[in-house]
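Here is the structure we will look at, set down as C-alpha cells.
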Amino acid sequence: MPMHWKLVIDAIDPHRQAAFWAAALDYTVEDHSTLIGRLLSAGAIPPDQVTEVDGHHAWLTLAAVRHPEDPHDPTSDTGLGRRVLFQRVPEPKHTKNRLHLDLHPGPDARHATVTRLTSLGATTLREVAEPGGSWTVMQDPEGNEFCVH
C-alpha cells in the first residue's frame, strides 16, 4: 500500500511561506481556526501557541497548503492528499537546498508563470538552457530554490 506523506519545509515565517506557495501552486491555505478555537476553549493548548492570520486563529509555528481537489479533514481542514507544511525554525537558510520543487506550467506558460511568481515575491536566479530542456531557477521569499519548466 502506498505511504501517505507531506513535504515539510523549514521557515522563518511559515504563514508568509504558506501564502506564497498557495498562490504559486494555486493551492488552498489550510484554515485550522475551528480546531484551534475548540482546543483553546477546552484549555488543551495555551494561547501562546496561537497567532492570528487574516482575522483567524492560526498555529504560531505551523502553516500548511493543500491541493484544493484532494480530500481533507473537515473538522481541522488538514489536507489528506498533496500537502506542504511550513514549520518555524529559528535559523535562516544558509546553503543550497538538497530538495526542491519543480513547477511545470507548460512550455508556453513558463515566462508568464515566472513573471507571476516574481510579483508574489520570488526572485529569478538564472535561466538554464540545455540539450535536455530549459527552465528558470528561482527562489521563494525565504531563499528556497525551485525550478519552473
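The values are calculated or read from the model by the stated rules, or taken from the named source; none is laboratory data. Since the structure is predicted, the reported quantities are computational estimates derived from the model, not experimental observations. Methodologically, a virtual Cβ is constructed for each residue, glycine included, from the backbone with ideal geometry; neighbour enumeration extends over all protein chains shown. For the accessible areas, the whole protein counts, side chains as well, though only heavy atoms, and no ligand, DNA or RNA atoms are used. Shrake-Rupley method; radii C 1.70, N 1.55, O 1.52, S 1.80 Å.
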Practice task
Within region 89-99, track down each residue that is out of contact with any strand residue (DSSP E or B) (no Cβ under 6 Å at 6 or more places or on another chain) and either among the polar types (S, T, N, Q) or within 14 Å of residue 11 (Cα to Cα) (or both).
Solution key: 90, 91, 92, 93, 94, 95
Exercise for the section: Report yes if residue 118 is in a loop (DSSP other than H, G, I, E, B), open to solvent by 30 Å² or more (accessible area, probe 1.4 Å) and β-branched (Val, Ile, Thr), otherwise no. Expected result: no
Problem - Residue in region 33-47 that is farthest from residue 18 (Cα to Cα), counting only those that are surrounded by 10 or more Cβ atoms within 10 Å (Cβ to Cβ) and hydroxyl-bearing (Ser, Thr, Tyr) - result: 34
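Does region 48-55 include one or more residues that are within 17 Å of the chain's Cα centre (by Cα) and either under 16 Å from residue 7 (Cα atoms) or loosely packed, with under 11 Cβ neighbours inside 10 Å (or both)? Break it down stepwise before answering.
Restricting attention to region 48-55, the residues satisfying the condition of being within 17 Å of the chain's Cα centre (by Cα) are 53-54.
From what is left, the residues that are either under 16 Å from residue 7 (Cα atoms) or loosely packed, with under 11 Cβ neighbours inside 10 Å (or both) are 54.
Checked region 48-55: at least one residue is within 17 Å of the chain's Cα centre (by Cα) and either under 16 Å from residue 7 (Cα atoms) or loosely packed, with under 11 Cβ neighbours inside 10 Å (or both).
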Practice task
Take residue 99 and decide whether it is closer than 15 Å to residue 20 by Cβ, under 15 Å from the mean Cα position of the chain (by Cα) and among the hydrophobic types (A, V, I, L, M, F, W, C).
Solution key: no
Exercise for the section: Give the residues of region 138-149 that are in contact with a Ser or Thr (Cβ under 9 Å, 6 or more places away or on another chain), under 15 Å from residue 95 (Cα atoms) and hydrophobic (A, V, I, L, M, F, W, C), sorted by residue number. Expected result: 138
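Would you be able to say whether some residue in region 20-39 is within 22 Å of residue 94 (Cβ to Cβ) and in contact with a strand residue (DSSP E or B) (Cβ under 9 Å, 6 or more places away or on another chain)? Steps first, please.
Quick first cut of region 20-39, residues within 22 Å of residue 94 (Cβ to Cβ) only: 20-21.
Filter again for in contact with a strand residue (DSSP E or B) (Cβ under 9 Å, 6 or more places away or on another chain), leaving 21.
Yes, that holds for at least one residue.
Tell me which residues, restricted to region 56-73, are closer than 14 Å to residue 16 by Cα, open to solvent by less than 30 Å² (accessible area, probe 1.4 Å) and under 13 Å from the mean Cα position of the chain (by Cα). Working first, answer last.
Start the filter on region 56-73 by keeping residues that are closer than 14 Å to residue 16 by Cα, which leaves 58-65.
The next check asks that each one be open to solvent by less than 30 Å² (accessible area, probe 1.4 Å); those that pass are 58, 63-65.
Once the filter is applied, which keeps residues that are closer than 14 Å to residue 16 by Cα, open to solvent by less than 30 Å² (accessible area, probe 1.4 Å) and under 13 Å from the mean Cα position of the chain (by Cα), region 56-73 yields 63, 64, 65.
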Problem - Among (1) open to solvent by 30 Å² or more (accessible area, probe 1.4 Å); (2) in contact (Cβ under 8 Å) with a residue 40 or more places away in the chain; (3) closer than 21 Å to residue 7 by Cβ - the single one residue 76 does not satisfy - result: (1)
Handout entry: Qualifying positions in region 127-149 - surrounded by fewer than 18 Cβ atoms within 10 Å (Cβ to Cβ) and either of a type in the set (Asp, Glu) or touching a residue at least 60 places away in the same chain (Cβ under 8 Å) (or both)
Key = 127, 130, 141, 145
Problem - Positions within region 41-67 being in a loop (DSSP other than H, G, I, E, B) and among the β-branched types (Val, Ile, Thr), in sequence order - result: 45, 61
Problem - Where residue 49 falls short, out of the listed (1) of a type outside the set (Lys, Arg); (2) free of Cβ contacts under 8 Å to residues at least 24 places away in the same chain; (3) farther than 14 Å from residue 14 by Cβ - result: (3)
